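*Asks:* Take this structure first; my questions come after.
The values are calculated or read from the model by the stated rules, or taken from the named source; none is laboratory data. No experiment lies behind these values; they were computed from the predicted model shown. Virtual Cβ from ideal backbone geometry, glycine too; neighbours counted across all protein chains shown. Surface accessibility is based on the protein's heavy atoms, side chains included, excluding ligands, DNA and RNA. Shrake-Rupley method; radii C 1.70, N 1.55, O 1.52, S 1.80 Å.
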Amino acid sequence: MIPVAMGGSQMADYNAAMLRTIPLSYRPGWQEQLADLLTDPLELLELLQLTPAATGYSLAALKDFPMRVTRAYAGRMRKGDARDPLLLQVLPLAAELQVVPGYVNDPLAESTTNPVPGLLHKYQGRVLLITTQNCAIHCRYCFRRHFPYADNRPSRAGWEQSLDYIASDTTIEEVILSGGDPLAISNSHLDYLLKRLAVIPHLRRIRLHTRLPLLLPDRIDPTLLSLLGELPQQVVMVIHANHAREFDSEVDLACQRLRACGVHLLNQSVLLAGINDSTDALIELSQRLFAAGVLPYYLHMLDKVNGAAHFDVPEPEALALIGAMQAGLPGYLVPKLVRELPHERHKIML
Ligand SMILES: *Cc1c(COP(=O)(O)O)cnc(C)c1O
Ligand code: SF4
């Protein structure tokens, strides 16, 4: 959303700086946009007319987990608002340096559920394939912020082992492409992977967990749409929106195109203090999701990862928020409140 207070010419300057569209008629392709992420917090803060001191920005937190965000997403942040819910998802803050008991580096103990590198088989019937370590954003609350991605680097050779594992276990019905962000890889890599999955007879569903429809709507290009549309399996895409303001008309269009190819759109959010921990924010998010053709799926309790304790919302408060959503929304717009625990056979519903 464009800040209400901005005038026309100011607004044009803002958009041009965010997208670096020079000349204005030229629109970079998604690959170029992905190569031109905002990684310097000082540049982002300057674009938003904020001072580091106003926000709690910390260089040490940046060194711990680098900043990353697309210019398209940053363009929806409000100028001059240090508490902007989109900004707070990406800006490294001093609060991340607090050491809080109970918070660890690998809260889901994922390093113990890796049957082959890059594959997690934790739940009945579903495997999670780490397609890439890359994301177009670094979410400050990410439970994988300390994950040993270097050992899970994708390569076609690495995928072979995972594909063999999936093909040989007929109890697997669903492959979940995750990461990192599976849509951060090229269409030709994705084409290769999807064509290999397409011919595994026991697979019923292919699911992608991705933030790219929100971060880089241009990623939903005609080639991707035909790859997904041609799959013999049902395709589910779970986008990860945490706040209604992550949507704009471009995101709506990307969702529309996906739906037109038969992709089922779901959303999962993380309940985050200071970002979406109010009845109004959560109700507005559900309404906005449905307007875009997306059904709310999960509302996750924060994974207790080092550096994210300041985002935690206590369980009683979370339950009260869900209660308020139930009172104000049709049942299908109320997400399931869940917590993920290591060594459990499914997510725990609260
Ligand atoms: C969350 C998760 C899944 C999918 O669980 P659903 O409840 O089907 O969404 C699968 N594997 C792993 C490792 C997960 O963390
Ligand atoms: S998109 Fe997902 S994996 Fe990537 S940083 Fe955000 S939460 Fe983590």
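*Asks:* Against the conditions (1) outside any helix (DSSP H, G or I); (2) open to solvent by less than 10 Å² (accessible area, probe 1.4 Å), where does Gly293 fall short? Just the number, please.
*Replies:* Among (1) outside any helix (DSSP H, G or I); (2) open to solvent by less than 10 Å² (accessible area, probe 1.4 Å), the lone unmet condition for Gly293 is (2).
*Asks:* Could I ask something else about it? Just one of (1) open to solvent by less than 10 Å² (accessible area, probe 1.4 Å); (2) without any contact (Cβ under 8 Å) to a residue 40 or more places away in the chain trips up Ala61, so point out which.
*Replies:* Result: Ala61 fails condition (2) only.
*Asks:* Mind telling me which of the residues Ala157, Ala167, Ala150 ends up being more than 14 Å from ligand 1 (Cβ to nearest atom), out of contact with any His (no Cβ under 7 Å at 6 or more places or on another chain) and modelled with pLDDT of 95 or more? Before you say what the answer is, go through the steps one by one.
*Replies:* Numbers: Ala157 fails: modelled with pLDDT of 95 or more; Ala150 fails: modelled with pLDDT of 95 or more.
Checking each option against the conditions leaves just Ala167.
*Asks:* Still on this structure, I have one more. Among the residues that make up region 267-278, is at least one of them more than 19 Å from the chain's Cα centre (by Cα) and acidic (Asp, Glu)? Talk me through it step by step, then tell me what you get.
*Replies:* Applying the first criterion (more than 19 Å from the chain's Cα centre (by Cα)) to region 267-278 yields 278.
Still in the list and also acidic (Asp, Glu): none.
For region 267-278, residues more than 19 Å from the chain's Cα centre (by Cα) and acidic (Asp, Glu): absent.
*Asks:* Within region 306-343, can you find the residues that are modelled with pLDDT under 95 and either hydrophobic (A, V, I, L, M, F, W, C) or in the same structural domain as Pro85 (by TED's automatic domain parsing) (or both)?
*Replies:* Once the filter is applied, which keeps residues that are modelled with pLDDT under 95 and either hydrophobic (A, V, I, L, M, F, W, C) or in the same structural domain as Pro85 (by TED's automatic domain parsing) (or both), region 306-343 yields only Leu341.
*Asks:* Could you tell me how many of the residues in region 310-336 are over 14 Å from Leu271 (Cβ atoms) and open to solvent by 20 Å² or more (accessible area, probe 1.4 Å)? Give the steps one after another, and end with the answer.
*Replies:* Looking only at region 310-336, we keep the residues that are over 14 Å from Leu271 (Cβ atoms), and these are 326-333.
Retained after the next criterion (residues that are open to solvent by 20 Å² or more (accessible area, probe 1.4 Å)): 326-328, 330-332.
Number of matching residues: 6.
Table: residues versus (1) more than 16 Å from ligand 2 (Cβ to nearest atom); (2) under 27 Å from Gln124 (Cα atoms); (3) of a type in the set (A, V, I, L, M, F, W, C).
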{"position": "His300", "(1), (2), (3)": "no, yes, no"}
{"position": "Ala320", "(1), (2), (3)": "yes, no, yes"}
{"position": "Ala327", "(1), (2), (3)": "yes, no, yes"}
{"position": "Tyr332", "(1), (2), (3)": "yes, yes, no"}
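*Asks:* State which residue pairs qualify: first residue open to solvent by 20 Å² or more (accessible area, probe 1.4 Å) and inside region 191-215, second residue part of a helix (DSSP H, G or I) in any location, beta carbons under 7 Å apart, and separation of 6 or more residues or different chains.
*Replies:* Hits for this filter: Asp191/Leu227; Tyr192/Arg156; Arg196/Leu163.
*Asks:* Being closer than 15 Å to Cys139 by Cα and outside any loop (DSSP other than H, G, I, E, B) is the filter here, so list the residues in region 72-93 that pass it.
*Replies:* Matches in region 72-93: Tyr73, Ala74, Leu87, Leu88, Gln89, Leu93.
*Asks:* Could you list all residues from region 268-284 that are outside any loop (DSSP other than H, G, I, E, B) and either touching a His at 6+ places or on another chain (Cβ under 6 Å) or not hydrophobic (A, V, I, L, M, F, W, C) (or both)? Step through it out loud before you land on a result.
*Replies:* First, the residues of region 268-284 that are outside any loop (DSSP other than H, G, I, E, B): 268-270, 279-284.
Within region 268-284, Gln268, Ser269, Val270, Thr279, Asp280, Glu284 meet the criteria.
*Asks:* Step by step: first the residues of region 96-119, then only those that are assigned to a strand (DSSP E or B) and touching a helix residue (DSSP H, G or I) at 6+ places or on another chain (Cβ under 6 Å), then the one that is farthest from ligand 1 (Cβ to nearest atom). Which residue is that? Before you say what the answer is, go through the steps one by one.
*Replies:* Filtering region 96-119 down to residues assigned to a strand (DSSP E or B) leaves 104, 116, 119.
Filter once more, so that each one left must be touching a helix residue (DSSP H, G or I) at 6+ places or on another chain (Cβ under 6 Å): 116, 119.
On the way: Val116: 14, Leu119: 10 Å.
Selected residue: Val116.
*Asks:* Sticking with this structure for a sec: Can you name every residue in region 232-263 that is aliphatic (A, V, I, L, M) and either part of a strand (DSSP E or B) or open to solvent by 20 Å² or more (accessible area, probe 1.4 Å) (or both)?
*Replies:* Of all residues in region 232-263, those aliphatic (A, V, I, L, M) come to 235-239, 241, 244, 251, 253-254, 258, 260, 263.
The answer is Val235, Val236, Met237, Val238, Ile239, Leu253, Ala260.
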